[in-house]
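Q: Please find one structure pasted underneath; my questions will follow.
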Amino acid sequence: SVSGIIPVLASGQADYAMANAYMDYFAEAHSDDCPIVSIQWPNWKETGLGEVRSKALEQTGLLSLKNEEGLHLLDQILSEKRHAVILPAVPDLDVWQPHQLMQQSIQPDSMMSTPFPSSEASGDQAVQNLLHETTAWLVKIFSDELKIDPKDLETDEPFQEYGVDSIILAQLLQQINQKIEEDIDPSILFEYSTIESFAKWLVSAYESSLSNAVCRSISKEHESAISPPSLNAVSLGEGEPEKSREMKPMNYTEDIAIIGLTCRFPGADTLESYWDLIAEGRSAIRPVPPERWGYSSPYYAGVIDDLERFDSEFFLMSEDDVRAMDPQALAVLEESLKLWHHAGYTQKEIKGMQAGVYIGGRSQHKPDPSSLSKARNPIVAGGQNYLAANISQFFDLRGPSIVMDTACSSALVGLNMAIQALRSGDIDAAVVGGVSLLDTDAAHQMFQERGLLCEKPSFHVFDKRADGVVLGEGVGMVLVKTVRQALKDGDSIYAVIKAAAVNNDGRTAGPSTPNLQAQKDVMQTALEKSGKKPEDISYIEANGSGSVVTDLLELKAVQSVYRSSGRAPLGLGSVKPNIGHPLCAEGIASLIKVALMLQHRRLVPFMSGDQKMPHFDIEETDLYFCKTQVEWAAAEVPTAAINCFADGGTNAHLIVEAWQESVQRPIRRKPLPLPALNRQPILKQKAAASARTVQKQELPAKGAPKEMFWKTFK
């Protein structure tokens, strides 16, 4: 806190210095009526932040206080109470000049203003290697200090995003200074506020020091990690010796294997029928059946049949609980059973597994009072968390159970969380899914009031005919592990996730207004994480919103990131014309579609894009729409990207690659037959609530003016 009167020690932490200066003035101003003493502590050697050694501190003449000295000075200050503001110093009398403390006593190093070179512009491989080693070293330092797993640290994320304040930065800088035996200006961490930019600056300013100190240190740590020394077991109290987890090498981009898939989408009750639907280029969009909501509506949608059936006995639930529950919770629970069996696992084998459950979904379920009063466990009927918790409870899974709602990108944001947990070793497997069911007409009415609902039975994207959204529903799931774990367990691998990235549009003109730069950024981030070049990606499963403007922006973003130089043909498609927009299940529908395409090595037809959009001529670009089912011809391994841009601005982007067996290996896990389910129609039909909104008005005939529809359903 002595930085409050010594400007050079306040560099880079002006807020902290100002707060201490204010405390000094406050204590002095109230010295007559309040027993306040403001102590301007210098550096403590044995405790606190640890000993700081720098040229600036040396010039003050202040020596570091030992604990015994500091506590003795504190006793003296408290007993004498002679001053409101006091600096307890053990000085170096050859340097100590108290009258100069308020002066700027050293000049900034001219080297501090040296801009760092672009890593792309440097052709020196040694410098690039040093930059890589320095970045890894900084990640280690920040990880140890912040108690964050290295795999969870993004090198391009600002320090403050991890809760770093000026005091923590001072501690970090102290370690860096001691290692490279330099005195770095503390303000530099505020100027270059990410690990990536700070590493580049360090290499440009202290190349020699880093070469001598950092590389040797990393090399030594690397050898230690490969061949750890033998340690004697340490007794933990009266218990057994602590069991250490298997050490995993640091790998920021460890591939993630999809080892199981399952889904129920419109026109496709199984994974196989979903592949048939998209491979044949068919649409499952149709009028919403009257029995769905209890009245004949003018709406179109992609809907699933037999939602009211469920085997409560198999899933160990009472029928009264099931009647009160959100149908979405029942759908994901049943689908999770199919998922484990598709991956080749029985319930007995996964019991107690360190597996997480990440479900993208939104529950606004309000059970009727009669059903709720009969339920044995009414909490399962009203808690959104039970969309995921029921799965963990039934299968006895011990990883985290999370429901994620970021609108359309929910499932892929959940997947991104699962990937981080897998790479950090927190879990061994993850169930990732998305669900959205149209059990009321609320979504249709909301989209209609926003002017976003298409009143036709065809959903067009990237097309002049685009006229809004046709809603859909569905549930889909994937089971994922790290590739290394999947190989170890003998799993079948259907596709590999190379990278995932998530960001937000930030402030835009409205919650559904896209941010072109944010879309580019999320694509670029995922591409860089994957280690792929833009031309390696030969297909993109696009978001496609059904609005000419937003579709145009997405095409421009894709072209800018993936084909700005015209390298190779890039196919585009979207599953929405097949099944509608399944809301929170959109991302998982796209992922399962792409995984099946990669598994079959086939591109499938895109059911729109026939009429050229204004202001974008796709024929003048390297982009094209896949219009027929053809073999996926790729120079290397077929690789695809997936866009998912949500209302509210949370964008997700994935890079997914086909799996190729490099060596012969025993595959012990293959799809198992499902147990027989006695699915009884125990759920009540949805009726009156939606029908009441029509108030027995006669519905306008098809083809009536939009104004009449609006008046009727307002």
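We did not get these values from a lab; they are worked out from the coordinates using the rules stated. None of the values given here were measured: they were computed from a predicted structure. When we count neighbours, we look across all protein chains shown, and the Cβ atoms used for this are built from the backbone with ideal geometry, even at glycine.
Q: Can you work out the FRET efficiency for the pair E631 and L677, with r the C-beta to C-beta distance and R0 = 51 Å, to the nearest 0.05?
A: 0.85
Q: Also, quick follow-up: For segment 136-182, state which GluC sites (Glu not before Pro) are in a DSSP loop and have at most 14 other beta carbons lying within 10 Å of their beta carbon.
A: Answer by residue number: E181.
Q: In segment 494-582, what trypsin sites (Lys or Arg not before Pro) fall in a loop by DSSP, with at most 15 other Cβ atoms inside 10 Å?
A: Sparse-neighbourhood loop trypsin sites (Lys or Arg not before Pro): R507, R567.
Q: Got a sec? How would F462, F625, F198 order by Cβ neighbour count within 10 Å, fewest to most?
A: F625, F198, F462
Q: Also, I was wondering about something else. Count the net charge of all other residues whose Cβ sits under 10 Å from the Cβ of Q629, scoring Lys and Arg as +1 and Asp and Glu as -1.
A: Details: positive: R602, K627; negative: E280, E631.
Around Q629, the surrounding residues sum to 0.
Q: As a footprinting exposure proxy, order I592, I359 by other Cβ within 10 Å, with the fewest listed first.
A: Values: I592 30, I359 33.
Lowest to highest Cβ neighbour count: I592, I359.
Q: Further question: Using amide H atoms built in the peptide plane, which far-off residues or other-chain residues are under 5 Å from F625 H to H?
A: Answer set, sorted by chain and number: L572.
Q: FRET efficiency for K45 and N504, Cβ-Cβ distance as r, R0 = 56 Å, nearest 0.05?
A: 0.80
Q: Starting from the Cα of Q420, step 7 Å along the direction of its Cβ; do the same at D617; then give the gap between the two resulting points in nm.
A: The modelled label-to-label distance comes out at 4.5 nm.
Q: Here's another thing I want to ask about it. So what's the net charge close to K520: Lys and Arg +1, Asp and Glu -1, counting the other residues with Cβ under 14 Å from its Cβ? Walk me through the intermediate numbers first.
A: On the way: positive: K556, R563; negative: D505, D521, E528, E554.
Combined, the nearby Lys, Arg, Asp and Glu give -2.
Q: Label-point separation (nm) for Y624 and K66, each offset 7 Å from Cα along Cα-to-Cβ?
A: 8.0
Q: Follow-up. Given points 7 Å out from each Cα along the Cα-Cβ axis, report the S193 to Q664 separation in nanometres with one decimal.
A: Here the answer is 5.8 nm between the modelled labels.
Q: Counting other beta carbons within 10 Å of each residue's own, what order do C626, C584 fall into, fewest first?
A: C626, C584
Q: Please work out how much length the chain gains when fully extended from D305 to D149, using 0.36 nm per residue of separation minus the C-alpha to C-alpha distance, in nm with one decimal. Intermediate values should be presented prior to the final figure.
A: Working: separation 156, 0.36 × 156 = 56.16 nm, distance 4.50 nm.
Gain on extension, D305 to D149, equals 51.7 nm.
Q: Within segment 645-683, name every residue whose backbone N is under 20 Å away from a label modeled 7 Å from Cα of M446 along the Cβ vector.
A: Answer for segment 645-683: 645-652.
Q: Then there is this: Express in nm, to one decimal, how much length is gained between K351 and L93 on full extension, taking 0.36 nm for each residue of separation and deducting their alpha carbon distance.
A: Difference between extended and current length: 85.9 nm.
Q: Using 23 Å as the Cα-Cα cut-off, could you pick out the over-long pairs in K338/K532; K532/K593; K556/K627; K348/K481?
A: K338/K532
Q: Let me ask something else about it. Filter the GluC sites (Glu not before Pro) in segment 1-102 to those in DSSP coil with at most 13 other Cβ atoms within 10 Å of their Cβ, and list the result.
A: E46
Q: By how many nm would the segment from D156 to S370 grow when fully extended, if each residue of separation counts as 0.36 nm and the alpha-carbon distance is taken off? Can you show the working numbers first?
A: On the way: separation 214, 0.36 × 214 = 77.04 nm, distance 5.36 nm.
Using 0.36 nm per residue and subtracting the Cα-Cα distance, I get 71.7 nm.
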